[in-house]
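Taking it in order: structure first as structure tokens, then the write-up.
The values are calculated or read from the model by the stated rules, or taken from the named source; none is laboratory data. Values in this document were obtained by computation on a predicted structure and should not be read as measured data. Here the Cβ is made from the backbone with ideal geometry for all residues, glycine too, and neighbour counts use every protein chain on show. Surface accessibility is based on the protein's heavy atoms, side chains included, excluding ligands, DNA and RNA. Shrake-Rupley method; radii C 1.70, N 1.55, O 1.52, S 1.80 Å.
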Amino acid sequence: MTGVGVRRVVAGNWKMHKTADEAVAFVDAFLPLLPSIPESVDIVLCPPFTALDAVCRRLRGHDRVNVGAQTMSWAQNGAFTGEISAPMLTDIGVRYVILGHSERRQLFNETDGDVRRKVVAALTNGLTPIVAVGETLAEREAGTADDCVTAQTRAALDGLAPDATAKIVLAYEPIWAIGTGRNCDAGDADAVMHAIRTCMRGLERVPILYGGSVKIDNVFDYMQRPNIDGGLVGGASLDPEGFAALLRAACEGTRV
Ligand code: PGA
């Protein structure tokens, strides 16, 4: 039971897993499973950079599955060794990009300012940013989770025009729940996501995804909450049958 008129999105974040051949093998196994997945959910696969082109090619003609990158540069082009720009991504058929994932923030020093510049670059180039926010365990225990994630959200979207804000997707990922198997209680996640949805104008219809140890057996509990419109799924998105089953579970009993 998601908010009325809010798109439902489930994205698989493969992180630094799968070669191009392995990614294509996933797609080949996943495509025949699509008819079993209700059309009420938008599906996004986010392979590593080196597999994006092969996955986009394999998915040509299969509009139900979108491809996303896991990060990108805020620059259009230039002397930025090792970086990948938004035009390079759209050129090969990428439609989404995860921005501000906590692993980027914590391990690669991405700041709120970087995330904001990347959001602008994504929107300017017609990519849909999936903007991730989340608190650490210490912040949660100190009772500052809401303040932390709403500050990250405002910083990422600062100054965007309302029609630009309407084009983004947000993801709430409590850092302590990522890859740990220790998932956040669905009611607690919903409460934080309500704080996110109401922290700025224009987020009423923006899909907000929950991420952090989402699995087949807990996804429906999240999806039923009023402020949860989908999932950003890491480990449980790596296997085609498992991910298809998770997508079916996400839709079970929801209004189409
Ligand atoms: P996880 O990762 O599902 O493996 O916890 C989620 C994410 O980091 O996006």
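Using a ≥ b ≥ c from the Cα gyration tensor of the range 1-61 (square roots of the eigenvalues), is it rounded, prolate or oblate, where a/c under 1.5 gives rounded and otherwise the larger of a/b and b/c decides, a/b for prolate? Since a/c reaches 1.5 and a/b is larger than b/c, the shape of the range 1-61 is classed as prolate.
For the range 1-150, the alpha carbon convex hull comes to 149 Å³ per residue, rounded to a whole number. Between rounded, prolate and oblate, where does the chain land on the alpha carbon gyration tensor, with a ≥ b ≥ c its root eigenvalues, rounded for a/c under 1.5, else prolate if a/b exceeds b/c? Rounded, since a/c falls under 1.5.
Accessible surface calculations at 1.4 Å, restricted to protein heavy atoms, place the range 16-69 at 48 Å² per residue.
Let me spell out the model: positive unit charges on the Cβ of Lys and Arg, negative unit charges on the Cβ of Asp and Glu, origin at the Cα centre of the chain. What dipole size does that give, in debye rounded to 20?
Numbers: 25 positive and 31 negative charges, 117 e Å.
Dipole of the chain, to the nearest 20 debye: 560 debye.
Ordering of 39-52, 137-150, 160-173 by packing is 39-52, 160-173, 137-150, highest average first (other Cβ atoms within 10 Å, averaged per residue). For the range 101-114, 3J(HN,Hα) computed residue by residue from phi via the Karplus equation (6.51, -1.76, 1.60; θ = phi - 60°) reads 4, 4, 5, 5, 5, 7, 8, 10, 6, 6, 9, 4, x, 4 Hz, glycine and proline entered as x.
Counted by Cβ distance under 9 Å from Glu135, the other residues give a net charge of -2, where Lys and Arg count +1 and Asp and Glu count -1. Label reach from Ser36 (point 7 Å along Cα→C-beta): in the range 225-254, amide nitrogens under 12 Å belong to 240-249.
Accessible surface computed residue by residue for the range 119-256, with neighbouring protein chains in place and a 1.4 Å probe, gives 40 Å² per residue.
Between Arg205 and Arg154, what is the FRET efficiency for a Förster distance of 22 Å, r being their Cβ-Cβ separation, to the nearest 0.05?
After rounding to 0.05, the efficiency reads 0.75.
Taking amide H positions as modeled 1.01 Å from N, with prolines and chain starts lacking one, the residues under 5 Å from Gly231 and 5 or more places away or on another chain are Val9, Val10, Ala11, Tyr210.
Calculate the dipole size of the range 59-145 relative to its Cα centre from +1 charges on Lys and Arg beta carbons and -1 charges on Asp and Glu beta carbons; express the result in debye to the nearest 20. Let's see the in-between values first.
Working: 9 positive and 10 negative charges, 64 e Å.
In debye, rounded to 20, the range 59-145 gives about 300.
Note on surface exposure: Trp176, Trp74 rank Trp74, Trp176 by accessible area, highest first, 1.4 Å probe.
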